[in-house]
Structure formats: structure tokens, C-alpha cells
2 protein chains.
Amino acid sequence: MSKGLPKRSENYPEWYNELVKRAGLAENSAVRGCMVIKPYGFAIWEKMQRALDDMFKATGHQNAYFPLFVPRSFLEKEEEHAEGFAKECAVVTHYRLKADPSGKGLMVDPDSKLEEELIVRPTSETVIWNAYKNWIQSWRDLPILINQWANVVRWEMRTRIFLRTTEFLWQEGHTAHATEQEAVAETEQMLGVYADFAENWMAMPVIQGVKTPSERFAGAVETYCIEALMQDGRALQAGTSHFLGQNFARSFDVKFVNKENQLEFAWATSWGVSTRLMGALIMAHSDDNGLVLPPKLAPIQVVIVPIYKTEEDLRKISERIDPIILELKALGITVKYDDDDKQRSGWKFAEYELKGVPVRLAVGMRDLENGTVEVARRDTLTKESRPIESVAEYIRGLLEEIQSNIYARAMEFREANTFTVDSWDEFKEQIEKGGFISAHWDGTAETEAKIKEETKATIRCVPLNSIEEAGKCVYSGKESAKRVIFARAY
Amino acid sequence: MSKGLPKRSENYPEWYNELVKRAGLAENSAVRGCMVIKPYGFAIWEKMQRALDDMFKATGHQNAYFPLFVPRSFLEKEEEHAEGFAKECAVVTHYRLKADPSGKGLMVDPDSKLEEELIVRPTSETVIWNAYKNWIQSWRDLPILINQWANVVRWEMRTRIFLRTTEFLWQEGHTAHATEQEAVAETEQMLGVYADFAENWMAMPVIQGVKTPSERFAGAVETYCIEALMQDGRALQAGTSHFLGQNFARSFDVKFVNKENQLEFAWATSWGVSTRLMGALIMAHSDDNGLVLPPKLAPIQVVIVPIYKTEEDLRKISERIDPIILELKALGITVKYDDDDKQRSGWKFAEYELKGVPVRLAVGMRDLENGTVEVARRDTLTKESRPIESVAEYIRGLLEEIQSNIYARAMEFREANTFTVDSWDEFKEQIEKGGFISAHWDGTAETEAKIKEETKATIRCVPLNSIEEAGKCVYSGKESAKRVIFARAY
């Protein structure tokens, strides 16, 4: 099955597309730019959702659900926000079809035209702040800490499965606070949650930072982000957390009586990650044989393949394996026993490699005699023979090791592909080779735009941990106080 | 807080609306017919989702996700289906807004008109069968057992929160099978899952049956349903499972090579329950004091309220209660300790009654001295004093008892409100009083329509367990072989 997967080194985009398809993760649908997330892909997304949802709840958030439709007049209320989203909106203008009188089929019923158009939400700040208006009167009503899991639509012209699709799934947190300080702390806390998830679940190291003004979310005062490096040397923005100041409160007139008994606009944050993370997960770790999944997000953590010729052999193997399966399950490990006789074991090995199952056990008649089992690791593609009786406990440790190893490998890759650059010539040369470039920037939008124009590189972020260091802008030569991270990005 | 909740006996619809609002379950949004599901309401829905999702997975189903948009031409393909949904469609016709040149604000950009309109899915048979076409070639590819959790939109003219909203949340199962028999078995299995969920989680007895042809899902060969009785004597359809025959396979040309090596259209089912279940849950059990929730679906199963005057008292109570909380949590019970000093205990008691928390514990200084705790049941509104040291174990049993009691009460109500009726005069009299009417029907759509016209009663279903019994149609006097269930319905 994995035969013919294009090599990363030869055609990275084609490798990605084929891998998404062959591993059964997703496919393009008949609707322009919209994808079908297939069961195996969705199972990974469900694991991501569960982990994130638990983290949101552990930090005091509750889920809720707000309407899919945004009235046009809502979108207009926050000017920058409107400008940012107006050009990519799916617009509902009618509410009925009727039989086409000129022949077969259906047509839009012109009598069902809406007085005010409805936008399919590209994000929900406006709808949610319109609701919060009625929920917030006093500082006692604050903070409001709400998250929503939802689908959103942005009419993208160039789409790419998981990475940029017209419809995507995401979560959007929307919080309201009594003070600026508290809202900023929330924004930073949620960035930390995202970084924690990326590193400890996805095994993907990220740089935490803030966006430059030109890359900010439309309507935000400050946009924080986590940035990851993919294997082709391009950056991927994996999550954002926005401090919205009082912008939306002002647009929707959300005032509260503060502790000093004065009317004040509420302070807001919003933060989100999406099915784009699926793309990041695939591109961060997978290889020319297929997916490599971190054990914590793998729908199947261990697959066991019996190698047999006769029914009687299979019976004997199953008898020995059944208690191992129970032991693995008792350890909280997801295991699949594949005794399907329609496929040969060689086919199965390739298939589970393609699907990124972290550990594969194979057991044949000789193993039974020797009391052994063959343990294969997906991350290193190595195999070893282990005593069967203690194999469950061994696998528990092995899964942890694989999780760490995948992270360490990605970290090593990132370190080898992060370059400190101090001259424009070096910058132009390095950007062609890919990777993160740490360089001085004079802080102006003009320079940022020119660098982008000349090299397609954008400022991914101003890292939170960047050190004050006097230097000269790599492009303009003007004074700079700290380095920022440049890259070509998805 | 619960002061002023209208009484069910005086104004049932108003009682329902006020309860939904005051218990913090949901509210109407600024978008016509669309609701905001608030955190407490959403927490109940999440519990429903988790339980159902586990049941779907236990019966071999996997989740996936299909696009929100249905191209107009897809909807046209299955004629009955198109007819059934065309009149209530939100239609996307454009994909961009622009600044209104005549002044302020945004307008639809006429240059962004879509070649083919997109319908916001009212249900996903068409989109899914269009995808299945590429997934199904051979009997080896079958069955496909997929479920999707999603939002859908039906442009309803008269909406009612949770019960009938323009946008609602639901799950829709869509399966494909190699034989008719297997598809029918799946349809019936999923009806059984719904009945199991309704009865064992929602504590709501249901009648399982099939719809008459005039009440079938648009495009189905047979629609199975579960029907529940609300406290005002009206019926509520709580879930449906459809045997779709080969209708959608034919419309989307989904053929497979069967075991006999012949091309055949695939057999289909679809089945769904929605946030309508929230309305059913509320109306099945709640009383004039507020919500009554079955423990299995209560976001908070036990609330503990300390009764104290001084900080020192509170410290002593908390010290004694902390280990009880740990014990309860260890038993898998969700517990909230409400030591908020901004509210008085009387206010708290009313609030948790309104919110339907199944068990309330109150502990004061005298309780500490006596080693007791006051245990109050939400379902019976009774209180008793219990020894504090064994209270956790006692509560575990009590929650089970409450779950059973709520079910038994609803069952008793349904039995007392199900009437066997054999004359038309009696039918007309009884239907005014509400309840299920079991009566003979001649099997014609004409009679069904006339009964509906004259009494607003519809045939809720032909029960699966109905006994063959010769009789005369209650309306026409013609021959009938079995009784069906009539009621006025939500």
C-alpha cells in the first residue's frame, strides 16, 4: 500500500497530499475547498479534542454553543474585524428553493429573500459579544470563560487539505474580564495551554511569541501565537490567542459596573486551534513510509499481527495473545488484534506503517515455541525480539519512549534549521533553503512588507523569550533591540 | 430565583420557556430561530453526547465529518428528499461582501455570485452518498458504519427553543450495506440504541414504532421512531431511524459488486437524534420548582452547602467535608462544594432546585456535633438526616434510586395517560385532554388526514409490539388489523 508514496525529498507537497489520502485521513469533497474528514483522520482529531477540552476545563472554562449565522450588521460593527473577514464570507441571501418552472430541478425562490443577509460564521466574536451584552452587568458577572467547538467558513481562494480549507473545524474560546490585566493573563495562559498541547501531545516543539501589527487578528490589540517548523523548512502557525482589549465590548456596547461603581467596557480575549493541527501533525513527524503518530494521539497504539498458516496455528497464537491484549487494555493502551485472513501479513505491516501505528507486534509459531514476540517501532523502524510474558509492561514504557523520541527528533530538526542571520545576503541565501531565521528587524511595517515582497518570508513572531540585544535590522540597517523569527510559512 | 416560575397547570408553554431561561440552559439569539446553548445546558448536552457516542462505538460505528454545504444539484437528485427539504433551506448565493459605495457598512458583492447555490445542510444524505460513491466498489467495502456530530439548518417558520429551531445540533448516522436484510437490521438496532438511551439515561419511557407513509422521512422506505409523552399530554418524537432502501444509492449511482459477482445498488440507513432531546428531558420530568434531572445526565450530581456564620465555622465544616468530597469523587460522582459567601444558603437551595441537582447536602454546626448531614432529594423534595461517615456510599445508592424513581414516575404518568379508545366521540373527547390514544385505523392516508384536520391528532407510530387484533377504524369504521398510537404532538 505504501508503495509509490512520493518521497519527501522529491516532492514534498505531493507526498503530503498522497499521505493524507492513502492513510485514510481526509479527502476533498465535491464542494469547492471543503473536505471530508474520514474515520481514521477524525479519530485523531477526536483525541486532540478530548485532550484540549480537558485542558480548557482544567483552566476553568465551560463549553457553550452560539449560532452559525452572523447578521451582516454584526460584522460591520467592529471596523477592522469587518475589513478582515468581508472578502471571504459565505453569504446566505434566501431561505427557500422552489421547483424551476422552466424545466427540471430546483431554483432559489426570489420571494424568500432575507431582509438582512446572514454570513456563515468565519469566527464568532460578533455573535458572542452580542450575547454577552445581556450577560454582563456587574463585575460580579465576570469573568466569563467560554469555549465553543464548531465549524467555521472562510472563502479561501487557494485551499489545501487540513491546512487551509473553506470549511474547517475548530474551537474558539471567548472570555470577558473586568480588568485589562486579567484579560492579558488569560491570553497568555491559553497560549501556554496550546504550547503544552503541541509539545506534550503532538510532540511538536513550538516557539511562543507575539505577531507584528500587520499579522494580527482583525480586531485584536495583540495576537500571541505558537509557531512550528515543518520538515520542508516552512513554518506553520499552529494556534493563536488574542488580547482584544475593549474593541468588541465597545462595538457591542458591553459595559459593566466595576468595583469602584463606575461603568466600564469589558475586556476580551479569544483563542483558537483548528483541524489545521492535523496538517501540522502529519508534516512534523511523518516519513516516506507514511504517518508517524505520537502515541498519545494515535487511535491505535499497538497492533498485533498473528503470522500463521493453518486455523490451528491461529487458534494457538490467539490463545497466547488474548491475555496480553487484556493486560495492554488494563494499562490503558489501545490495541488492535488483526487476524483478518483476507490480507497477508506483509500487506498488513505496510498498512500499519502507512497509518502510523506506533508499535507493531508480530507473533508466529516459532515465537510461541520460544516464548517471544517481535516488537517493531514505527518511529525508528527497528525490530527486536522480546519475551512474551512481560511484553505489556515493556510496551507501556516503549510508548512513552516513542513519544519522547518523536519530540526530541523534531526538536533536533528545528535546532538544526534555525539560523542566526546578520546580513541581507545571508538572509536571502538562507531563506531559499528553509528554516527559521532569527534576525534583527527595525520594527517598521515598511521593512516587513519589503522583506516579504523580496523573499516571501514573513515575521512569524517576536518570541516571548527573546533577549534584549542591540543590533541592526537585517534589511534596513536601522537600530533594533531584539531579534524576531522569519520564515516562509504555510 | 425560582420564585415566580409559572405553574405547569396554569401555563405549560410559559413554564417551559421560563425554566429554560432561568435554569441557564439556553436563550434565543439575535438570529431568527437560532438559539444560544448556555454552559449549563451545554453541559447536559455533552453528557448526552458522550453516552450516545459510546453506544454508537460499541455497536461498531466510527465518527467522520462531511461538508456543511450541499450543492443545489445534489439536493435535486433524490426527488422526494428534494421536495421534503426545498422549502426550508438556507441558501448561500455569494461568497464576498464589499464596502457599500452609497455610504457606510457592507453589501453583498454582486461579482461574487456562485455558479451553483449551496444549501446549508438540512441533513447530509446527499453529500454523504456522493462521497460513498467513491468508497464502495465491492461487497468487501461494506458495511460502512459512520456517524457525524454536526449542526444542521432547517428554515422553520415557527420555532421553539430546543424543540424546533432553525439551527440545531445533532448526530446523523449514515450506513451502507450489501443486503437489504442487513440494512433493516441496522435500522432496528439503532432504534434500540435510542430507546435504551431514552429509558436508561434520560429516564424517559418511549414507544418504539414505525411511522405511517405520510410521516416518513423524505426519501425513506421506512421510518422507525421513538415517541415519548410529555407532562402536558402531548407526544414528542425523540429520535428516528430510517431504512432508505436503495433510493440514495440509485440517485448517486453507488453500485458494488456483490458476492455473486453482480453489480447492485448499496442499501442505506440513516438515524439521528438532536438537541430536541434537551426539550424532551426538561418536559418529561421537571416540576414547578424547576428542573428535575436524572442523575446520569446531571452536570452536578451532588451539591454540598455549608451553613455557617463565622469563618471559623466554615473552616471546621470544610475540614469535615473535604474527605467526603474525595470519597464521592472516588465513586465517580460529580460533586460541587458551594462555599461562596456572596449568597445565602436559602438562595442556594432554590438555585440548585431550579437547576435540578439530584442530591443536596447541607451541613451546619449542629450537624458537625451530631455527626450528621442533611440529605435532600430533588425528585421527591424530601429531606432526611444521615450519619456523615457513611454518607458517600449512601449517596451512590441514592443516585441510582433517583434515576429509577424518575423513570418509574414517568412510566406511571404515561400509563395513566394512555387510553384505549374505540369510538369517534370518545376519541374527540379524549384528545382534548391529552395523552396517547391507542385506536384502530383503516390504514389509509385519507382517514389519517381527516383525523388530523378534525382533531390535530397525528398517528405517532404503529408500535413494534402491537398485537394483531381485528377491529374497526375509529374514524371510518372500516376493517383494521391493529391499533396505532394517536396524539397531539410537538
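General observations
- Qualifying residue in region A:28-43 (condition: more than 23 Å from B:Glu116 (Cβ to Cβ), without any contact (Cβ under 8 Å) to a residue 40 or more places away in the chain and either basic (Lys, Arg) or more than 7 Å from chain B (Cβ to nearest Cβ) (or both)): yes
- When the strands (runs of 3 or more DSSP E) confined to region B:210-291 are screened for residues that are under 13 Å from the mean Cα position of the chain (by Cα), those reaching at least 3 such residues are found at B:222-229, B:235-245, B:267-274.
- Selected residue (criterion: nearest to B:Ile207 (Cα to Cα)) from residues of region B:460-475 that are small (Gly, Ala, Ser) and out of contact with any His (no Cβ under 8 Å at 6 or more places or on another chain): B:Ser466
- Residue in region B:118-126 that is without any contact (Cβ under 8 Å) to a residue 24 or more places away in the chain and either under 20 Å from the mean Cα position of the chain (by Cα) or surrounded by fewer than 22 Cβ atoms within 10 Å (Cβ to Cβ) (or both) present: no
- Counting only residues that are among the basic types (Lys, Arg), within 15 Å of A:Leu354 (Cα to Cα) and assigned to a helix (DSSP H, G or I), region A:3-53 holds 2 of them.
- Just one of the listed residues (B:Ser385, B:Ser404, B:Ser423) is modelled with pLDDT of 95 or more and within 25 Å of the chain's Cα centre (by Cα), and it is B:Ser404.
- Pair list, Cβ < 9 Å and 6+ apart or interchain, from region A:133-147 residues that are assigned by TED's automatic domain parsing to the domain that holds A:Phe74 to residues that are in a strand (DSSP E or B) and of a type in the set (Lys, Arg): A:Lys133/A:Lys255; A:Ile136/A:Lys255; A:Gln137/A:Lys255
- B:Tyr394 being of a type in the set (Ser, Thr, Tyr), closer than 20 Å to B:Ile300 by Cβ and either free of Cβ contacts under 8 Å to residues at least 60 places away in the same chain or not in a helix (DSSP H, G or I) (or both): yes
- Sole residue being crowded, with 20+ Cβ neighbours inside 10 Å and within 7 Å of chain B (Cβ to nearest Cβ), chosen from A:Ala23, A:Ala86: A:Ala86
Results for (1) among the acidic types (Asp, Glu); (2) under 30 Å from A:Leu142 (Cβ atoms), shown as yes or no for each residue.
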position: A:Pro39; (1), (2): no, no
position: A:Trp45; (1), (2): no, no
position: A:Phe74; (1), (2): no, yes
position: A:Lys77; (1), (2): no, yes
position: A:Asp100; (1), (2): yes, no
position: A:Lys104; (1), (2): no, no
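- In region B:99-131, the residues that are in a strand (DSSP E or B) and not acidic (Asp, Glu): B:Ala99, B:Leu106, B:Met107, B:Val108, B:Lys113, B:Leu114, B:Leu118, B:Ile119, B:Val120
- Test result for A:Thr175, modelled with pLDDT of 95 or more, in contact with a Phe, Trp or Tyr (Cβ under 8 Å, 6 or more places away or on another chain), more than 7 Å from chain B (Cβ to nearest Cβ) and not in a loop (DSSP other than H, G, I, E, B): no
- Among the residues of region B:454-473, those that are assigned to a strand (DSSP E or B) and of a type outside the set (Ser, Thr, Tyr) comprise B:Ile459, B:Arg460, B:Cys461, B:Val462, B:Pro463, B:Gly471, B:Lys472.
- Unique match (being within 26 Å of B:Ala176 (Cβ to Cβ), charged (D, E, K, R), out of contact with any His (no Cβ under 6 Å at 6 or more places or on another chain) and at pLDDT 95 or above) among B:Asp287, B:Asp253, B:Asp338: B:Asp253
- When we screen A:Glu76, A:Glu80 for residues that are surrounded by fewer than 17 Cβ atoms within 10 Å (Cβ to Cβ), in a helix (DSSP H, G or I) and either out of contact with any helix residue (DSSP H, G or I) (no Cβ under 6 Å at 6 or more places or on another chain) or not hydrophobic (A, V, I, L, M, F, W, C) (or both), the only hit is A:Glu80.
- Restricted to region B:99-122, and to residues there that are facing another protein chain (nearest Cβ under 7 Å) and modelled with pLDDT under 95, the residue that is nearest to A:Asp111 (Cα to Cα) is B:Leu106.
- Residue within region B:376-386 that is in a helix (DSSP H, G or I) and closer than 24 Å to B:Ala43 by Cα present: no
- Residue within region A:150-170 that is among the small types (Gly, Ala, Ser) and at the interface with another protein chain (Cβ under 9 Å from one of its Cβ atoms) present: yes
- Residue, surrounded by the fewest Cβ atoms within 10 Å (Cβ to Cβ), within region B:44-73, restricted to residues that are more than 7 Å from chain A (Cβ to nearest Cβ) and among the small types (Gly, Ala, Ser): B:Ala58
- Residue that is surrounded by fewer than 16 Cβ atoms within 10 Å (Cβ to Cβ), of a type in the set (Gly, Ala, Ser) and touching a residue at least 12 places away in the same chain (Cβ under 8 Å), where the choices are A:Ser438, A:Ser423: A:Ser423
The values are calculated or read from the model by the stated rules, or taken from the named source; none is laboratory data. Computed from a predicted structure; not experimentally measured. Here the Cβ is made from the backbone with ideal geometry for all residues, glycine too, and neighbour counts use every protein chain on show.
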